[in-house]
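Beneath this line is the structure, given in structure tokens, with notes to follow.
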Amino acid sequence: MRLEPIAAPSLARRLGLPALALAATVLVASALAMLAGADPLATLGLILQGAVGSKFAALETLNRATPLIFTGLAVAVAFRAKLWNIGAEAQLYAGALLTVVVGTQAGLPGPLALPLMAGAAVLAGALVLLGPVLLKTRMGVDEVVTTLLLNFIMALLISYLLEGPLKDPMGMGWPKSPALPRDARLPRLAEGLRLHWGFALALICAAGIWLMQTRTTLGYEIRAVGLSPQAARFAGIPVGRVLVKTALISGGLAALAGFSEVAGLKGNLTADLSPGFGYTGIIVAMLALLHPLGVVVSALFVAGIFVGADSMSRAAGVPTYIADMLLATALLFMVLALLLTRMRVVRG
């Protein structure tokens, strides 16, 4: 048996196989619930209710989806050019770090502080990814290794800073940074709600990336480089320059996740600011088939599973790890669906 490429996959194949992947994921989730001693239908119902069953639940899902949209977009942009950015977690923390430094040290009023904080965060995230992409284009170093290792380097740097120069003297020994001033925080979308303008910024970024990819020369060049660097180079596209531009955009998007979490939700920097948003962004991007608008839907789906699983765990006594297994299964099925969308199995 061998795989044979399909020149023009039909619409039914392109939509049907991902739908089957999601259906298979639901079946696996039901089996996991049964193994945990719970009613599968009741467990899935509790996840759904915990994710969108009330105004509070729906807003928590949107809050959780906000950083996932940013990291999902960062991964989708990079992967489209076959730039394997596994370091969105490091770029997120770089953005969060600069957000805190600028927000607490600049002493500017909110209308000036917020754009400056966001700009500094984007620049920090872009520079974190610039190093690996230059090593890739100039020396052929595998960016999977360099971006992955930067996650650990950044985590250790953040831990050092929170135990030293950035430690809040009023934090009662807890390693966290000083809180941002009230006027340097992202305002809420509505009074009394936790949902902040970071979510709106994420939607704007998703629309902007979609327009960039479909309506600009850079978007065409990114797709061309991703499809075949050799053919793109033969056609006169500066592959190295396109990869650098892609890295700057991708790193900046991931850093905005850190900016939105600090300025919109948490108010300060802690070592556990991200429960793996950078890594989960890979799942979000893959489930969205690397489509920027699909990233929004995928991020809402993933966020709903996490928020709903927390609620389900309290109500049914089922471990929250079922959510991690559910997402891992969804990713595996989706990767298989993507493969079979473009390839057919041929005997002989």
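No value in this document is a laboratory result; all are computed from the given coordinates. Because the structure is predicted, anything quoted here is derived from the model rather than measured. A quick note on method: Cβ atoms are made from the backbone with ideal geometry, for glycine too, and the neighbour counts reach across all protein chains shown.
Across the range 97-105, computed HN-Hα scalar couplings (Karplus, 6.51 cos²θ - 1.76 cosθ + 1.60, θ = phi - 60°) run 4, 5, 4, 5, 4, 5, x, 9, 10 Hz from first to last residue, x flagging Gly and Pro.
Here's how it looks for LYS176: its modeled amide H is under 5 Å from those of ASP168, which are all 5 or more places away or on a different chain. For MET343, the residues whose modelled amide H falls within less than 5 Å of its own, excluding neighbours fewer than 5 places apart on the same chain, are ILE6.
Mind running the shape call on the range 51-127? Use the C-alpha gyration tensor, a ≥ b ≥ c as the square roots of the eigenvalues: rounded below 1.5 for a/c, prolate if a/b tops b/c, oblate otherwise. Oblate. One chain, two ends: TYR321 and LEU35. Fully extended at 0.36 nm per residue, the span grows by 101.7 nm beyond their Cα-Cα distance. Summing charges over neighbours of PRO169, with a neighbour being any other residue whose Cβ is under 15 Å away from its Cβ, gives 0 when K and R count +1 and D and E count -1. Local charge for LEU62 was computed over the other residues whose Cβ lies under 13 Å away, with Lys and Arg +1 and Asp and Glu -1, and equals +3. With neighbour counts taken as other beta-carbon atoms within 10 Å, the residues ARG2, ARG64, ARG342 rank, fewest first, as ARG2, ARG342, ARG64.
Tell me what the chain gives for mean residue ellipticity at 222 nm when only DSSP H runs of n ≥ 4 count, each as -39,500 (n - 2.57), the sum divided by the residue total, rounded to 500 deg cm²/dmol. Don't skip to the end; give the middle numbers.
Values: 13 runs with 249 residues, N = 348.
Theoretical 222 nm ellipticity from helices: -24500 deg cm²/dmol.
Would you work out if the range 136-192 is rounded, prolate or oblate? Take a ≥ b ≥ c from the square roots of the eigenvalues of the alpha-carbon gyration tensor; rounded if a/c is under 1.5, else prolate when a/b is larger than b/c, oblate otherwise. It is oblate, given that a/c is not under 1.5 and a/b is not larger than b/c. Where a ≥ b ≥ c are the square roots of the eigenvalues of the C-alpha gyration tensor, would you call the range 91-230 rounded, which needs a/c under 1.5, or, failing that, prolate if a/b is larger than b/c, or oblate? It is oblate, given that a/c is not under 1.5 and a/b is not larger than b/c. In order along the range 230-242, phi translates into HN-Hα couplings of 5, 5, 4, 5, 5, 7, x, 7, x, 4, x, 5, 5 Hz, rounded to whole numbers, per the Karplus curve 6.51 cos²θ - 1.76 cosθ + 1.60 with θ = phi - 60° and x for Gly and Pro.
Taking 0.36 nm per residue of separation and subtracting the Cα-Cα distance, full extension of the segment from LEU27 to LYS167 would add 45.7 nm.
Among THR147, THR61, THR137, the largest mean-square fluctuation in a Gaussian network model of the chain, built with springs joining Cα atoms closer than 10 Å, belongs to THR137. Across the alpha-carbon atoms of the chain, the computed radius of gyration and Dmax are 21.1, 71 angstrom. Highest GNM mean-square fluctuation among GLY264, GLY107, GLY251, for the chain modelled with Cα contacts below 10 Å: GLY107. Note on the chain: with a GNM built from Cα contacts shorter than 10 Å, the maximum mean-square fluctuation among ALA207, ALA254, ALA190 falls on ALA190.
Spatially close Lys pairs in the range 69-288, defined by Cα atoms under 16 Å apart and a spacing of eight or more places or different chains, total 6.
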